[in-house]
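The block underneath contains the structure these notes are about, expressed in structure tokens.
Throughout, read-outs are computed from the coordinates displayed, never taken from laboratory work. The model shown is predicted, which means the values in this text are computed figures rather than measured ones. Positions of Cβ are backbone-derived with ideal geometry, glycine not excepted, and every protein chain shown enters the neighbour counts.
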Amino acid sequence: MHAAVIERLGAVIAGIVVAAVAFYALYKDWRAEGTENQVFKLMLLLLGLGAVLALLAGLNVIGFSPPKGA
């Protein structure tokens with residue numbers, strides 16, 4: 001296997017795991033009140049969105065540019 005394939009596979013797997021855990025924690029903590037909890041929810045949301053972006057990049061949906069001369 002090439003290093004690029006291994007890197008993309010790792011990004012896809014990590015993106016799935018991190019997004020699932022972040023969104024599950026956000027779901028469980030949704031009803032919490034208070035300023036500190038609101039900041040925590042915002043951080044979980046950003047973590048989940050970043051994981052989705054890593055997943056999409058690993059799947060070549062975003063961030064792909066064709067080789068020069070193609």
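Values for this structure:
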item	result
Scan of the stretch 31-55 for residues that are closer than 18 Å to Ala14 by Cα, exposed (fewer than 15 other Cβ atoms within 10 Å of the Cβ) and of a type outside the set (A, V, I, L, M, F, W, C), ordered by number	Gly50
Among (1) part of a helix (DSSP H, G or I); (2) more than 27 Å from Gly63 (Cβ to Cβ) - the single one Ala32 does not satisfy	(1)
Pairs, first within 12 Å of Ala19 (Cα to Cα) in the stretch 48-70, second among the aromatic types (Phe, Trp, Tyr), C-beta under 8 Å, six or more apart	Gly48/Phe23
Lys28 basic (Lys, Arg) and surrounded by fewer than 11 Cβ atoms within 10 Å (Cβ to Cβ)	yes
Filtered residues of the stretch 1-25 (kept if closer than 20 Å to Met43 by Cβ and loosely packed, with under 11 Cβ neighbours inside 10 Å)	none
Residues that are surrounded by 13 or more Cβ atoms within 10 Å (Cβ to Cβ) and assigned to a loop (DSSP other than H, G, I, E, B), drawn from the stretch 56-70	Leu59
